1. Answer rounded, prolate or oblate for the chain, using the Cα gyration tensor with square roots of eigenvalues a ≥ b ≥ c: rounded when a/c is under 1.5, else prolate when a/b is larger than b/c, else oblate.
2. If the only charges are +1 at each Lys and Arg Cβ and -1 at each Asp and Glu Cβ, what is the size of the charge dipole of the chain around the Cα centre, to the nearest 20 debye?
3. Please compute the modelled spin-label separation between residue 395 and residue 483, points set 7 Å along Cα→Cβ, answer in nm with one decimal.
4. Just to confirm a number: summing +1 for Lys and Arg and -1 for Asp and Glu over residues other than residue 124 whose beta-carbon lies under 12 angstrom from that of residue 124, what do you get?
5. What do you reckon, how do 13, 303 stack up by accessible area (1.4 Å probe), largest on top?
6. Give the cross-link partners of residue 612 among the aspartates and glutamates, using a straight C-alpha distance below 13 Å as the criterion and excluding same-chain residues fewer than 8 apart.
7. Would you work out what percent of the accessible area of the chain, with all protein chains in place, is carbon or sulfur (probe 1.4 Å)?
8. Note down the nm distance, to one decimal, between modelled labels 7 Å out along Cα→Cβ at residue 41 and at residue 335.
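The values are calculated or read from the model by the stated rules, or taken from the named source; none is laboratory data. From a predicted model like this one, the values you see are computed outputs, not experimental measurements. All Cβ positions, even for glycine, are placed from backbone atoms using ideal geometry, and neighbour counts span all protein chains on display. Each accessible area value is taken on the protein alone, full model and side chains, heavy atoms only, with ligands, DNA and RNA left out. Shrake-Rupley method; radii C 1.70, N 1.55, O 1.52, S 1.80 Å.
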Amino acid sequence: MSELDFSPPTSEWYYPSDEIIQHAHVPDYEAVVREAEADFEAFWAKRAEQLEWYEKWHTVLDSSDAPFYKWFVGGKTNIALNALDRHVKTWRRNKVALIWEGEPGDHLSFTYWRLWQETNRFANILRGMGVKKGDRVMIYMGRIPEIVFAMLACAKIGAIHSVVYGGFSEQALADRIADAQAKVLVTADGAWLRGKTVNLKEIADVAIQRSPSIQSVIVVKRTGQEVYMESGRDFWYHDLINLPIASTVCETEVMDAEDPLFILYTSGTTGKPKGVVHTHGGYQVYTSTTLEWVFDIKDDDRWWCAADPGWITGHSYIVYAPLILGATSFMYEGAPTYPYPNRWWKMIEYYGITILYTAPTAIRGLMRFGDAWPERHDLSSLRLLGSVGEPINPEAWRWFYRVIGKEKCPIMDTWWQTETGGFVITPLPSVPLKPGSATRPFPGMSVDVVDEEGNSCPPGQDGYLVIKRPWPSMLRTVYGDPQRYIDQYWSRYAEQGWYFAGDSARKDEDGYIWVIGRVDDVIKVSGYRLGTAEVESGLVSHPAVAEAAVIGVPDELRGNVIYAYCILVQGYEGNEQLEQELKEHIRHEVGPIAVPAKIEFVQSLPKTRSGKIMRRVLKARALGLPEGDLSTLEG
Ligand code: PRX
């Protein structure tokens, strides 16, 4: 489960049934890989031809300014054209696009026609507020249908959305608004979580005070709690949709394939989060192809990606790809165990979900309640399962396979990143599986595990994960900081021109890839990506803390938890009360997911001669390993 005790069996095979293989869009993985390898640009061009374009591209891939690659150059499109506009002209207008259930039990569903209208209304409201092509709109809300409308509305008018996960704090939101220089913020009064309300608007208010770029705020009423509304700045969504400007017809902006669609902030090795930029053209091609082939989406499916729209998984596989494919998606607002640990299983039964895509941390969390909860429900509608976010430990994999999938649903363990936009290492339904391995690269992708010098590692040897050629949904840059894009992803193997993913991995004798974990200062807590620098700067912003270092320590349930080491300012005493205070401080500064499981007060921190904190020494100490035995530890 962790990078330390990672020794999964590499000879445990699970084979898909003939029925699964025959049903699949791609029954023969090897054949498609061969086709893609023969001419990968032609392969992607063929996929792009499945979609609608206002004008066709003249160049599939332009590498003249690498690593600033351009895809489908000269093409004119809009992802909303493919996700909505084209469907309402066909029988799909009456197909259900989105089914939504709120945590309190309320539910709604939207046909493509309704979703198109809701999006158009929202788009007209944004236009009415002066939002133009290229402007940034920040979105900070829970898992409610309006987040989908807001994202699609931005796309429709060519505005760039930047969604900040509703679990982030005031400061994290303010930092992202400042970096994006967003004009409008879309939020909600609150969100339901575990039977309680989260005060989203209250948090947003603090962030807005620190964000002079924000001119207007749209507030969706969800929980009905009392909120502060600033006259002239804050507007209720339900009032705005009654205004004459909020017509249900809205012209779609014609975009260049390479025009930005969204910025999504993610943690990196150093400093503040990076704004990963994705574009309209390549992203729509790659996300829709991967979803169609990996999860074998068909018209009669009910697809449930249980992520949050605030993360890349939600962007790509709740919002954009399923809609491009004309699929029916399900979205649930709240906690998996509320009010009882059978909530998910009950919804799968009720809605007849056919494909469930979730994260190892959620699987482990549900597994701990035992088999009786899922066994109370008819889960026979399921035909495929999926996992993402961190390595899945074989024990959780087998439980998911046996108890949820009844040994008939293959598990698609998909390795990818905010930066990749879509699945990179993943099985297709026809590929035999090994629990804990994301198997092999998606057709057209060139992935390898290499050593420091770039030599391909032999089976069984740990190395770095690299992607050796560009792909349509690759990030285009780091917003406002192209140098950081080069430094972070392209400098490690600059000579070869490979993308450095920041993960360690190994291949086995069958060519299957086993992702081990991050090799940089990124910690995955419950699948969420956090930078040590973010948590450390949160800690030192407290007056009692002079210096701080944080590490990730393996945890049964959450994959990793955070341990923090703090040197205090003279005069402060390290006691339990201060530990609590610091945890509360982090909750506000960064967000609840960043709260350390343990804070230790120390007199000094192990450092290199150049003054860099040696996190691996701290990690060895935390795990009770001899400090001399550091050879197996990542930095
Ligand atoms: O370390 C890898 C891990 O998650 C990182 C990317 O995190 P993020 O950008 O937040 O995107 C998560 C959802 C796509 C990767 O560098 N990771 C993601 N999926 C897997 C994984 N590790 C192992 N197996 C996976 N299936």
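1. Rounded.
2. Charge dipole, the chain, about its Cα centre: 1140 debye, nearest 20.
3. Label-label distance for residue 483 and residue 395, simple model: 4.8 nm.
4. Numbers: positive: 121, 127, 156; negative: 118, 251.
With Lys, Arg at +1 and Asp, Glu at -1, the neighbours total +1.
5. 13, 303
6. Partners found: 521, 547.
7. 49 percent
8. 5.3 nm
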